[in-house]
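A.B. asks: Quick one: structure below, then a few questions.
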Amino acid sequence: MPVRIQTGDFDAGAEIAALRRGNPKVGAVASFIGVCRDANDGDAVSTMTLEHYPGMTEKALEKIVAEAQNRWSVMDILVVHRVGELKPTDQIVLVVVAGAHRGEAFAACEFIMDYLKTRAPFWKKEQTPSGARWVEARTSDSEAAQRWEPPKSSAA
Amino acid sequence: MKVRILYLASLREQLGKAGEDLEISPATSTVAGLRTLLMARGGPWQSALAQGKALRVAVNHEMAQPATPVKQGDEIAFFPPVTGG
């Protein structure tokens, strides 16, 4: 399965090794790890709770992975996303892309993260000194995802 | 017709409800129609689902638009913009 949702931590090294094991055609592995910070929007964050929509989350991530495989000729992709309560320095998400060359591996990895942040049904609630609050979606994340859209033909 | 409705994340807290099975008239045939129906309950329903609120809807696990059809047995989820990663 190229997509996993789990409460426990992951070992990025072991996941990368497993993904490319025995495949001599792999020449590049790009990976991304998202980590829980101790501050957000100027406030200290002591814990963060990640909620998701079981059933849809897996489908949404699989669709993003399929789209990446459609756009770039990469060989193997893994996405691991944690849910539940996390604290600063904890790992949140892992994306690994194995391919023949670095250009496509880097691009596919970045694309997957940009789409995950705007299309996969996860929500973060963070605990701050003034109470718990839901994290607001960022315009910069929407903009990051939009740059992968095909350019619109302009009549003007 | 009967549909299952889910309210996720901050929306669940605003509405005080995680979901419900609802019997609706076949005339309520779209996501927009269902949203209007729920808003008519007033109070937090009126404010949390108001037009202009950043709200996403999925029908049977696929992202939906206001015009997306709603059918017997569908699972319709209302939620705020996503913030994973």
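A.B. asks: Restricting attention to the range A:46-64, which residues are touching a Gly at 6+ places or on another chain (Cβ under 8 Å) and open to solvent by 40 Å² or more (accessible area, probe 1.4 Å)?
C.D. replies: Residue satisfying the conditions is A:49 alone.
A.B. asks: So, one more: State the number of residues belonging to the range B:8-50 that are in contact (Cβ under 8 Å) with a residue 60 or more places away in the chain and aliphatic (A, V, I, L, M).
C.D. replies: 3
A.B. asks: In the range A:27-45, how many are open to solvent by 70 Å² or more (accessible area, probe 1.4 Å), in contact (Cβ under 8 Å) with a residue 40 or more places away in the chain and in a loop (DSSP other than H, G, I, E, B)?
C.D. replies: Final tally of qualifying residues: 2.
A.B. asks: Take the range A:110-127 and flag every residue that is of a type in the set (Val, Ile, Thr) and open to solvent by 10 Å² or more (accessible area, probe 1.4 Å).
C.D. replies: Residue satisfying the conditions is A:118 alone.
A.B. asks: Among the residues of the range B:58-85, write down those that are of a type in the set (Ser, Thr, Tyr) and facing another protein chain (nearest Cβ under 8 Å).
C.D. replies: B:83
Residues checked against (1) assigned to a helix (DSSP H, G or I); (2) open to solvent by 60 Å² or more (accessible area, probe 1.4 Å); (3) in contact with an Asp or Glu (Cβ under 7 Å, 6 or more places away or on another chain); (4) farther than 26 Å from residue A:80 by Cα:
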{"position": "B:12", "(1), (2), (3), (4)": "yes, yes, no, no"}
{"position": "B:27", "(1), (2), (3), (4)": "no, yes, no, yes"}
{"position": "B:50", "(1), (2), (3), (4)": "no, no, no, yes"}
{"position": "B:57", "(1), (2), (3), (4)": "no, no, no, no"}
{"position": "B:78", "(1), (2), (3), (4)": "no, no, no, no"}
{"position": "B:84", "(1), (2), (3), (4)": "no, no, no, no"}
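A.B. asks: Could I ask something else about it? Output yes when any residue across the range A:81-96 is surrounded by 22 or more Cβ atoms within 10 Å (Cβ to Cβ) and away from every other protein chain (no Cβ under 14 Å), and no when none is.
C.D. replies: yes
The values are calculated or read from the model by the stated rules, or taken from the named source; none is laboratory data. All figures in this text were calculated on a predicted structure; none of them were measured in a lab. No Cβ is skipped: glycine too gets one built from the backbone with ideal geometry, and neighbour counts run over all protein chains shown. What goes into the accessible areas is simple: the full protein's heavy atoms, side chains included, and nothing from ligands, DNA or RNA. Shrake-Rupley method; radii C 1.70, N 1.55, O 1.52, S 1.80 Å.
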